[in-house]
4 protein chains.
Amino acid sequence: MKIDPGMTTLQLMEEMGKSGVLGAGRLYRATKLLAELMGDEETTLFLSVAGPMVPGGLRKIIRDLLADGHVDVLITSGANLTHDLLEAFGGSHYRDHNETDEQLCQMGMGRIGDIYTKSEDFEVFESKINTLLGEISQKEDHMNIRQFLTEIGKCIQDPESIIHTATEKNIPIYAPGIIDSMLGLQLWMFTQENQLTLDAAGDMHELSDIVYGSKKVATVILGGGLPKHYALASNILTGGVDAAIQVTLDRSEAGSLSGAPLEEAKSWAKAKCESKLVTVIGDATIIFPMMVAGALELINKKND
Amino acid sequence: MKIDPGMTTLQLMEEMGKSGVLGAGRLYRATKLLAELMGDEETTLFLSVAGPMVPGGLRKIIRDLLADGHVDVLITSGANLTHDLLEAFGGSHYRDHNETDEQLCQMGMGRIGDIYTKSEDFEVFESKINTLLGEISQKEDHMNIRQFLTEIGKCIQDPESIIHTATEKNIPIYAPGIIDSMLGLQLWMFTQENQLTLDAAGDMHELSDIVYGSKKVATVILGGGLPKHYALASNILTGGVDAAIQVTLDRSEAGSLSGAPLEEAKSWAKAKCESKLVTVIGDATIIFPMMVAGALELINKKND
Amino acid sequence: MKIDPGMTTLQLMEEMGKSGVLGAGRLYRATKLLAELMGDEETTLFLSVAGPMVPGGLRKIIRDLLADGHVDVLITSGANLTHDLLEAFGGSHYRDHNETDEQLCQMGMGRIGDIYTKSEDFEVFESKINTLLGEISQKEDHMNIRQFLTEIGKCIQDPESIIHTATEKNIPIYAPGIIDSMLGLQLWMFTQENQLTLDAAGDMHELSDIVYGSKKVATVILGGGLPKHYALASNILTGGVDAAIQVTLDRSEAGSLSGAPLEEAKSWAKAKCESKLVTVIGDATIIFPMMVAGALELINKKND
Amino acid sequence: MKIDPGMTTLQLMEEMGKSGVLGAGRLYRATKLLAELMGDEETTLFLSVAGPMVPGGLRKIIRDLLADGHVDVLITSGANLTHDLLEAFGGSHYRDHNETDEQLCQMGMGRIGDIYTKSEDFEVFESKINTLLGEISQKEDHMNIRQFLTEIGKCIQDPESIIHTATEKNIPIYAPGIIDSMLGLQLWMFTQENQLTLDAAGDMHELSDIVYGSKKVATVILGGGLPKHYALASNILTGGVDAAIQVTLDRSEAGSLSGAPLEEAKSWAKAKCESKLVTVIGDATIIFPMMVAGALELINKKND
């Protein structure tokens, strides 16, 4: 690898590709595969996002991938959707605090690694989401989770919001574990006095239609957990995904799905035997921006 | 630490306690805390189980903890429940295969690390669970997930089953991500032609009643994911758990909840400021059996 | 796995062996292999110790393995030898401090994870080791590192000391990176005004004689680093070790030797193609005591 | 973070800096600090390199940092020096092999992760290095390790070699564990019939002179092991380094120095209390090229 100051992200990654080994090699191969998947009209591209990727600074990147038509299906956690709404409602994420967790609690601040949130922002979130829940439940009191998120997307105006942009662009968001989040908590409290049922199984009808209707399916997986499993498992009925890229710091030895090598999915027919699979070990807030920057530049270069 | 051949598990762990540092120190403190929590009648003890703990050999340990009244609430993944049923229906988990994932797929075997499953066992599972779903949905076509699992527990006879034992002992099982599992897949396929709605929000009513009705709440967390978050988040309305023990190989730097230090939960009021929190870094299939063996021996010793 | 309170360490590990998968399975296999290696008179058993294993509470376990003839060669870091001497000279390791690293520095305390050392203990160490260096250099001013450690072992009286016990039992200690430790620092300062040369290459003559003179060689590796590489590399001339057990939390993806799978050693002829290799992922302060307790109990059982 | 296709590496990293949290935030801060240290004439900059960084593709980057005067002292392993010489003598590193380790062994190929070496290259290495050892030992038969490496640097011609470039530029290379490598093995075999003694303590005289002669010292640490400890420990007599950057995938819980947080060095006076310390968790073959590209671009920008 040779460094030239001022080199573009892709140029740097091509140096990594020339070396081709260890993490650098894997990152380059993942980036090339991502460009290929984004550029292939026959491939339906899923993006699975676990971990604090919205508070961790990837909100805009994910939103732009949706806005620009690069991603066809988003699968994520209730927490990332909560944080997207928090920002849509004017809240923010904070940094550079030195207080202990006990002090933060007393200050009304929640901590995610070195990211900080304020309870005022959550209060605004609660009040606004309650209004939305009221509006939505009047239109319809039984829906699947994807429909619920689409309805929310219609109600909010922030053009930078992932949920809003997905609604605009007609891109489905699935969040099988939505109930386990601040958004889920508000939903539950709302349903103590109001009628609004979310039908998790309903999403699977839709998602399986998408899978059956796709020539090829590929998925990019940031972190593990439910979003990883859901993306892979939803492809089981057609023999598995055609390609997958995974970015994680989890390890495989204790058997958790989050750290499992993608190859394992082949045994379950969640990835096709001939599928293209690349895992990059690293922090997604570093690796994913690089990969996206490299892939977009590669696509632009090819289009020239 | 001094090793005497033939020493009991507790004696070994007391040697670790004398050293008191690094992993050995943490394991000893976690074991002492576990014994204290199990022995405290005022504490409602949650057990959160993510990762392949049933296929990984912990089925009997978890079942016995329920049977002997040591655990009051179980929170786990759909996958662990699926594997519990798989064994209840006569299936098994296999080991010592050297085939590639492609070959395993052709042989009809699924891989979880070095654990193997057979498609025949899943076929039996599918057929049996479908019969059960038919029976259950005739009694009631709308229920929360906990009720659904209780109904399953009533229908199966295997005394070694976690679900069966929980039902027998009146211990609730929560599985907020149940839909994302083989059990969830069967449920979805069943609902394509039958009526059976699971209401995820419904569980939260129950769980919050349990939390409000407890003098103290503690949780043991194996792995991370939804079960970890659900256990902690369900205590937010009362200011957080009074104690927690976590066993994980995940790391904290990328901000994922699974790897987050328990102390972070204090900032969110998911753990009380004065709560007792111990994390042990390691493989739960090693650490949890040690901890349980040590804690039970400690309780027996105190009772003598 | 089934837990019976009061079960011995071996009984617990046999339950892990019945499960046989993930970490529990690996730990059981490593323990059985360790018992086999300890009990085999044809096998020369190396023990490689990196990481703060002496301050971490394993001093007595390592010392007893030497005293009881279970280990034939010890390879370790200068730091572990320094801490062995620190205790031999009356110093200790401390715990339960909450100060920041800045405060510790001002208090004269060094931190290793949650282990603490006092500068007074190091002052005693410096004064005593200097006296020893004076005595040793008068006898001989050019020696290899193993000889140097044997000379130290002759001078100190603490029966609990690893260095003393190794000398008593005629077991060689190799420490190829000795210069990079407090002991090395004292050595260097001594040599500014005195004559004492340590010849690192000299150890390799001896070590290669040991390897050539052994029917079989096996090694137990705690942590990675120089001690791991040195143990494996010293067997390259005879085609590699016959067996190896490794306990580590390091991971393999970035290519570091410390995290490398033992199988990689086969490609380098540092482990024989038919060698028995087991890696356990975990904290050595937990895993090694378990493994030793299990192996010794197994050996006793066989001898009954 | 916002991605613009074609953005330079620095522009991408500045987006990470705007987010400022988790890995992205740490990488940006490390990059800014690196630029500051490189640009500061009062700072003596050490580079500590453990792990297979030369086979992993960083040879050219390290060589260029030396050639361009950005690094003042290099501390590394015998293995990296061996691989530098292997390439200087016409050998190479290979990739894309699917053989098992047993097969590789029979083919005469050694594996480092997904990097492969050929025994022919090592045979050339052995023959050439033996010639050099003969030449060098005739000039001088007792020297410290740094002098030995300088002598080698004089003998080889490859302008891309790290050792050659260091010699050209008068930059010292320290390799306290040199004996534990193929280079060390050849050295040992040479000394069985020839006279050539390397004095490890001798390096410390030199290194301590460098530390005492520097207004400020900073170190960049790739991986852990001996090179990390040596860099930090050599600053203990002046109260510690003024700044340090560490890139590693190792973790801290088991207490190993390799995974230890840099803050721990403060307690030992190996880092000053007011020192600037940044750790980035990740694969150095990804992180270090990014950091260097970003820092060089930042320096160029400032100079404009």
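The values are calculated or read from the model by the stated rules, or taken from the named source; none is laboratory data. This is a predicted model, so every value here is computed, not measured. Because the Cβ atoms are built from the backbone with ideal geometry, glycine has one as well, and the counts that use them run over all protein chains shown. For the accessible areas, the whole protein counts, side chains as well, though only heavy atoms, and no ligand, DNA or RNA atoms are used. Shrake-Rupley method; radii C 1.70, N 1.55, O 1.52, S 1.80 Å.
For chain C, the longest principal axis of the alpha carbon atoms and the long axis of helix C:284-303 meet at an angle near 60°. GNM on chain D, alpha-carbon springs under 10 angstrom: the most fluctuating residue among D:168, D:253, D:15 is D:253.
When the P(r) is computed for the stretch C:101-222, the part past 20 Å accounts for 53% of the Cα-Cα pairs.
Loop-resident GluC sites (Glu not before Pro) (DSSP state other than H, G, I, E or B) in the stretch D:132-163 with no more than 12 further Cβ atoms inside 10 Å of their Cβ: D:140.
Count Lys and Arg as plus one, Asp and Glu as minus one, and take only other residues whose Cβ is under 12 Å from that of residue B:124; the net charge is then -3.
Distance between the pseudo-spin-label points of residue A:127 and residue B:107 (7 Å out from Cα toward the beta carbon): 6.2 nm.
Each other copy holds its own label point for residue C:103; taking that point as 7 Å from Cα along Cα to Cβ, the gaps run 1.2, 5.9, 5.9 nm, nearest first.
The stretch C:179-257 to the stretch A:140-183: how many Å between their Cα centroids? That distance is 59 Å.
Taken residue by residue and averaged, Cβ atoms of other chains lying within 10 Å of the Cβ of C:226-234 number 4.
Summarising the rotation from chain D to chain B, the nearest chain D beta-carbon to the axis and its distance in Å are given as D:251, 3. Axis angle, to the nearest 10 degrees, between helix D:78-88 and the longest C-alpha principal axis of chain D: 70 degrees. With N the number of residues in the stretch B:42-92, Rg(Cα) / (2.2 N^0.38 Å) evaluates to 1.15.
Counting only alpha carbon atoms, the long axis of helix A:182-193 and the longest principal axis of chain A meet at about 30°. Taking the square roots of five times each eigenvalue of the Cα gyration tensor of the protein assembly as shown, the equivalent ellipsoid has semi-axes of 50, 35, 28 Å, listed largest first. Here residue D:138 yields copy-to-copy label distances, from shortest upward, of 4.4, 9.9, 9.9 nm, the label point defined as 7 Å from Cα along Cα to C-beta.
Working from the Cα coordinates of the stretch D:210-304, the gyration tensor eigenvalues give, after taking √(5λ), semi-axes of 22, 19, 10 Å in decreasing order. When B:89, B:46 are compared by accessible area at a 1.4 angstrom probe, the order from most to least is B:89, B:46.
Extending 7 Å from the Cα toward the beta-carbon at both residue D:238 and residue A:303 defines two label points whose distance is 5.3 nm.
Residues considered: C:33, C:149, C:12. Largest GNM mean-square fluctuation over chain C, using C-alpha springs under 10 Å, is found at C:12. The equivalent ellipsoid that matches the C-alpha gyration tensor of chain B spans semi-axes of 32, 24, 18 angstrom, in descending order.
Note on residue B:77: accessible area approximately 30 square angstrom, rounded to 10, probe 1.4 Å, nucleic acids and ligands left out.
Here is the tail figure for the stretch B:45-171: Cα pairs spaced more than 16 Å apart come to 64 percent of all pairs. Among A:189, A:143, A:16, the largest mean-square fluctuation in a Gaussian network model of chain A (Cα springs under 10 Å) belongs to A:189. Provide the net charge surrounding residue D:105, with neighbours chosen by a C-beta distance below 14 Å and charges set as Lys +1, Arg +1, Asp -1, Glu -1. Here the charged neighbours net out to -1. By the scheme Lys and Arg +1, Asp and Glu -1, what is the net charge of all other residues having a beta-carbon under 11 Å from that of residue C:232? So the surrounding residues net to +1. Distances, shortest first, from the label point of residue B:193 to those at the same position in the other copies read 4.4, 8.4, 9.5 nm; the point lies 7 Å along Cα to C-beta.
Helical runs (DSSP H, four residues minimum) scored at -39500 (n - 2.57) apiece and divided by the length of chain A put the mean residue ellipticity at 222 nm at -15500 deg cm²/dmol. Straight-line cross-link partners of residue B:154 among the aspartates and glutamates, defined as a Cα under 17 Å from its Cα and at least 8 positions apart when in the same chain: B:84, B:87, B:135, B:140, B:141, B:168. Pair-distance distribution of the stretch B:1-66: all C-alpha pairs, bin width 5 Å, starting at 0; shares per bin in whole percent are 4, 15, 17, 18, 21, 18, 7, 1.
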